[in-house]
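Trainee: Can you read through this structure? Questions will come right after.
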């Protein structure tokens, strides 16, 4: 199969993407690539609502249990993973269903990202020296490249460092560098995208129910284990569901308050996800879970 059939299913958290993805994969003989910023980690199972082996129903899932919680990753991780999975689908005569929990990564697969230069040790060391005075370094970059820095807060050390790396390594300001190196799409063919749509009240009720199920399944024990093994430093430990549970373990919340906080924060995330999906993707077929099942499983 030189050209495999592929499609994407997106939707907010708790919208039913996992179950629909499995049904569609069974229907079209496909593997599943999960684009989710939390399920990608090993051992973060309950809080990520990661599909169990039973829920996967024999369908090969990729992008799940791929990294350790203290590993860092960015969009290039998913780009490399997509290429790997696409090749596997070709080799095994399988189609591909992309399930976009974090659909920003799907957007980057379609629109592409610019190739970032390899940063030498010399440039990294110089960056660390300059970042000892973050404010001064930000002002320097702002004078050199106000176009780029207008989108970066002076307190955002991570993004300031990325901009600084490009400047030190290439002797070119980031805006000029990216103009010279435009994004290269990874998915070049037309990709059908299906978006599961729920009204606000229903999705909040689904989130509340799922949160209670997560607690019953052992959420608190899982987070306590993760904290003991990985500390609170990794970015993954700041995710919704984990941070509220850590506050509960610190005695800040009661268990009921923890459940309510997770529900509220997850509902806010769902709203942001829906806004992003509605604004960033074109020619999307939207519908309820039942409507999309009918459309996809004909």
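Trainee: If I take every Cα pair under 8 Å that is 6 or more residues apart in the chain, average their sequence separation and divide by the length, what percent do I get for the relative contact order?
Mentor: 28 percent
Trainee: Just want to confirm a number: the relative contact order over segment 121-180, from Cα pairs under 8 angstrom separated by 6+ residues, in percent.
Mentor: Once divided by the residue count of segment 121-180, the mean separation gives 35 percent.
Trainee: Order by neighbour count: 258, 140, fewest other Cβ atoms within 10 Å first, most last.
Mentor: The most exposed by this proxy come first: 140, 258.
Trainee: If you average the alpha carbon positions of segment 170-238 and of segment 83-134, how far apart do those two centres end up, in angstrom?
Mentor: 14 Å
Trainee: Can you work out the FRET efficiency for the pair residue 255 and residue 70, with r the C-beta to C-beta distance and R0 = 22 Å, to the nearest 0.05?
Mentor: That pair, residue 255 with residue 70, gives E of 0.20.
Trainee: Ok, one more. What FRET efficiency, computed as 1/(1 + (r/R0)^6) with R0 = 22 Å and r the Cβ-Cβ distance, is obtained for residue 283 and residue 5, rounded to the nearest 0.05?
Mentor: Calculated value: 0.80.
Trainee: What number, in percent, do you get for the relative contact order of segment 177-276 if the mean sequence gap of Cα pairs under 8 Å and at least 6 apart is divided by its residue count?
Mentor: Relative contact order of segment 177-276: 32 percent.
Trainee: Where does each of 81, 33, 131 land when they are ranked from fewest to most other beta-carbon atoms within 10 angstrom?
Mentor: With the sparsest Cβ surroundings first, the list reads 131, 81, 33.
Trainee: Convert 25 °C to kelvin, take the viscosity as 0.890 mPa s, use the Kirkwood radius over C-alpha pairs of segment 121-180 as Rh, and evaluate the Stokes-Einstein diffusion coefficient in µm²/s, rounded to a whole number.
Mentor: Translational D for this selection: 218 µm²/s.
Trainee: Evaluate Rg over Rh across the chain, taking Cα atoms for both radii and Kirkwood's formula for Rh.
Mentor: 0.99
Trainee: Suppose we look only past 18 Å in the calculated P(r) of segment 1-111. What percent of the Cα-Cα pairs does that tail hold?
Mentor: Percent of Cα pairs beyond 18 Å in segment 1-111: 46.
Trainee: Residue 153 to residue 275: FRET efficiency via 1/(1 + (r/R0)^6), r the Cβ-Cβ distance, R0 22 Å, to the nearest 0.05?
Mentor: Calculated value: 0.55.
Trainee: Where does each of 193, 119 land when they are ranked from fewest to most other beta-carbon atoms within 10 angstrom?
Mentor: Lowest count first: 119, 193.
Trainee: Pick from 39, 103, 154: which residue has the top mean-square fluctuation in a GNM of the chain where Cα pairs under 10 Å get a spring?
Mentor: Fluctuation is largest for 154.
Trainee: What percentages, rounded to whole numbers, describe P(r) for segment 212-285 computed over all alpha carbon pairs with 5 Å bin width beginning at zero?
Mentor: Reading the bins upward from 0: 3, 15, 22, 20, 14, 9, 8, 6, 2, 0.
Where a number appears in this text, it was derived from the coordinates with a stated rule and is not lab data. All values derive from a computational prediction rather than experimental measurement. As a convention, Cβ positions derive from the backbone with ideal geometry for all residues, glycine included, and neighbour counts pool all protein chains shown.
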